[in-house]
Amino acid sequence: MTGGRARGAGAAAGALYEADIRHVREGGHRYSLRHRTYLWLVDLDAPPRLPVPLRALARFEARDHFGGRLPTIRAGLDGFLAARGAALPPGSRVLMLAHARVFGYVFNPLSVYWCHGPDGALRQIVAEVHNPYGERHCYLLGPEAAREGRVPKEFPGSPFLEVDGDYLMRLPEPGERLELTVRLAGGADGTRLTATVRGRRRRGGVPGLLRAVLRHPWSTAAVALCVRVHGIRLWLRGVPLVPRPRHVPQEGVR
């Protein structure tokens, strides 16, 4: 599809956000973590193009999202939406918040897509979750998720949490500031989890990217390492691993 024009401060493609990510686990085993990184906000119809020598620092590839078999990330999103009966009309525009591949590697615990119609109005929000096992799952939320949306948990994002309860997601489109909140509540074991992503927008050109890379070398590997280190710490504290249910990919995410 051809991208239209979306209004608002978050509409600029190719922005970088210096992000502070925090998780707080409550219930039987209280635990918290903090990780600092940077994220991209990109227009899926016009992703940033860096000079050839710098492309290893930021690549956006279709294989990293949705089913991974279509030519572009936008095509993958459109396939997922069509499978859910929520196809976007021609002239729509989509912004994605995610990590790019850095030195050939990426791990995106959460990617968020803001889908605007041809008139610029927000039509859908999609939250794409990846787990440490290489599996992915997408949650389709209406525009109300910019304030707060509720969906049942359907996917094992963590090996320490059952697949039950509900997610309360507050996913406003980023502007000068990035402020996302995901809460998990209602699990059978009483565990509650709150994840927040906070940050400020930075210019996404070459100077901005180089500054971010210097502050956070190989950021995507650092994210994956952070997940594993904190997983080991939880296990050493006696938090039991939960048997992983068989994952059946969704229509449009196969």
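All of the numbers you see were taken from the coordinates with simple rules; none came from a lab. If you're wondering where the values come from, they're calculated on a predicted model, not measured in any experiment. A quick note on method: Cβ atoms are made from the backbone with ideal geometry, for glycine too, and the neighbour counts reach across all protein chains shown.
Among the residues of segment 206-254, those identified as in a helix (DSSP H, G or I), of a type outside the set (A, V, I, L, M, F, W, C) and in contact with a strand residue (DSSP E or B) (Cβ under 8 Å, 6 or more places away or on another chain) are Gly208, Arg211, Arg215, Ser219, Thr220, His230, Arg233. Among the residues of segment 179-200, is there at least one that is under 23 Å from Trp40 (Cα atoms), over 14 Å from the mean Cα position of the chain (by Cα) and among the charged types (D, E, K, R)? Taking every residue of segment 179-200 in turn, at least one turns out to be under 23 Å from Trp40 (Cα atoms), over 14 Å from the mean Cα position of the chain (by Cα) and among the charged types (D, E, K, R).
In segment 122-130, is there at least one residue being under 18 Å from Pro249 (Cβ atoms), assigned to a strand (DSSP E or B) and in contact (Cβ under 8 Å) with a residue 60 or more places away in the chain? Scanning segment 122-130, I find at least one residue that is under 18 Å from Pro249 (Cβ atoms), assigned to a strand (DSSP E or B) and in contact (Cβ under 8 Å) with a residue 60 or more places away in the chain, so the answer is yes.
Scanning segment 138-153 for residues that are surrounded by fewer than 16 Cβ atoms within 10 Å (Cβ to Cβ) and touching a residue at least 12 places away in the same chain (Cβ under 8 Å) turns up Gly142, Arg147, Glu148, Arg150, Val151, Pro152. Scan segment 150-181 for residues that are assigned to a strand (DSSP E or B) and aromatic (Phe, Trp, Tyr) and the total you get is 1.
The single residue among Gly104, Gly134 that is among the small types (Gly, Ala, Ser) and either free of Cβ contacts under 8 Å to residues at least 40 places away in the same chain or crowded, with 21+ Cβ neighbours inside 10 Å (or both) turns out to be Gly134. Here is a check on your reading of the model: is Ala145 more than 20 Å from Leu16 (Cα to Cα) and either assigned to a loop (DSSP other than H, G, I, E, B) or more than 17 Å from the chain's Cα centre (by Cα) (or both)? Considered against the rule, which asks whether it is more than 20 Å from Leu16 (Cα to Cα) and either assigned to a loop (DSSP other than H, G, I, E, B) or more than 17 Å from the chain's Cα centre (by Cα) (or both), Ala145 comes out as no. Considering only segment 17-35, I want to know if a residue exists there that is surrounded by 15 or more Cβ atoms within 10 Å (Cβ to Cβ), assigned to a strand (DSSP E or B), of a type in the set (Gly, Ala, Ser) and under 16 Å from the mean Cα position of the chain (by Cα). Looking for residues that are surrounded by 15 or more Cβ atoms within 10 Å (Cβ to Cβ), assigned to a strand (DSSP E or B), of a type in the set (Gly, Ala, Ser) and under 16 Å from the mean Cα position of the chain (by Cα), one finds at least one in segment 17-35, hence yes.
If you go through segment 85-122 and keep only what is more than 23 Å from Glu61 (Cβ to Cβ), in contact with a Phe, Trp or Tyr (Cβ under 9 Å, 6 or more places away or on another chain) and among the charged types (D, E, K, R), you end up with nothing. Of all the residues in segment 204-254, those that are touching a residue at least 24 places away in the same chain (Cβ under 8 Å), farther than 30 Å from Gly175 by Cα and of a type in the set (Val, Ile, Thr) number 2.
Here is a yes/no grid of residues against (1) among the acidic types (Asp, Glu); (2) under 24 Å from Pro172 (Cβ atoms):
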site: Leu44; (1), (2): no, yes
site: Ala56; (1), (2): no, no
site: Glu61; (1), (2): yes, no
site: Arg74; (1), (2): no, yes
site: Asp78; (1), (2): yes, yes
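Pairs linking a residue in segment 59-74 that is touching a residue at least 24 places away in the same chain (Cβ under 8 Å) and surrounded by fewer than 19 Cβ atoms within 10 Å (Cβ to Cβ) to a residue that is assigned to a loop (DSSP other than H, G, I, E, B) and not aromatic (Phe, Trp, Tyr), with Cβ atoms under 7 Å and 6 or more positions apart or on different chains, are Arg59/Ala100.
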